[in-house]
1. To the nearest 0.05, what FRET efficiency results for Arg182 and Arg43 with a Förster distance of 35 Å applied to their C-beta separation?
2. About the Cα centre of the range 148-205, how large is the charge dipole given +1 on each Lys and Arg Cβ and -1 on each Asp and Glu Cβ? Please answer in debye to the nearest 20.
3. Roughly how many debye, to the nearest 20, is the charge dipole of the range 1-122 about its Cα centre, given +1 on each Lys and Arg Cβ, -1 on each Asp and Glu Cβ, and no other charges?
4. So with the 1.4 Å probe, I'd like the accessible area per residue for the range 16-88, rounded to whole Å².
5. Taking the Kirkwood radius as the inverse of the mean 1/r across Cα pairs, report the Rg/Rh of the range 3-52.
6. Suppose a student asked you for the relative contact order of the range 6-105, using Cα pairs under 8 Å spaced at least 6 residues apart; what percent would you report?
Amino acid sequence: MSNRPPSSPDRIYRSPAGAAGGVVLLILGAWLGGDAVFNGEGRTPWLALAGLLFAVPLVVAFTIRPVVLGNDDRLRVRNPFRVITLPWATVASFRSGYSNEVFDETGTKYQLWAIPVSIRARRKAQRPPRPKARTRGRAADDVEAQPPAERRAAGDKSMDELRELHAARAAAKTSQGEPHVRWAYEVIAPAAAGAILLIILVALG
């Protein structure tokens with residue numbers, strides 16, 4: 001694949017709620033794990049260290065790490081354990097159901113972890129808000145005049161933007177190339193090491 005810089009800034013799509021939840025879990029883990037490491041007795045500090053080594057990469061992988069980046073040349077998907085780079089010419093379609101997904105020309109499916117689906121948000125977006133009694137007439141007119149796209153859930157809006165970008169850029173010369181998938185060994189290796197250490201410590205009793 002080409003190493004040329006992108007021809008346009010990336011549009012960034014991620015889940016703020018997921019990232020915030022990950023930060024909370026990391027703070028909680030650091031507090032409880034740190035207490036066990038510094039104040040624990042016997043094998044407790046080692047078990048805590050192994051647990052942190054196993055859990056922290058996974059928490060980061062599933063909450064803070066996921067992001068979707070799109071520019072004029074390609075779509076880049078950073079999932080918990082993989083990084084997928086798809087030039088726009090290799091993207092066949094997007095699908096939104098109970099999860100958001102992108103398909104390449106070979107039919108391979110990649111889930112977009114950073115753009116979660118919220119059925120509740122979809123239903124809320126499809127249901128026009130009730131105007132207050134004293135402004136009911138004017139507010140009702142405003143709701144009726146509001147384009148349907150503006151009442152879509154945040155995740156669906158993100159997918160609409162990606163579809164539009166794909167349609168506009170798929171035929172561009174700079175959007176040609178081959179899909180590239182890289183495993184996130186920076187996440188897998190420490191988590192695997194922590195799991196092995198935990199198994200050894202538990203087995204030794």
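1. Step by step, r from the Cβ atoms, then E = 0.45.
2. 100
3. Roughly 240 debye, rounded to the nearest 20.
4. On a per-residue basis, 48 Å².
5. 1.35
6. 26
The values are calculated or read from the model by the stated rules, or taken from the named source; none is laboratory data. Model, not experiment: these values are computed from the prediction. Cβ atoms come from the backbone with ideal geometry, glycine included; neighbour counts cover every protein chain shown. Ligands, DNA and RNA are excluded from the accessible area calculation, which covers all protein heavy atoms including side chains. Shrake-Rupley method; radii C 1.70, N 1.55, O 1.52, S 1.80 Å.
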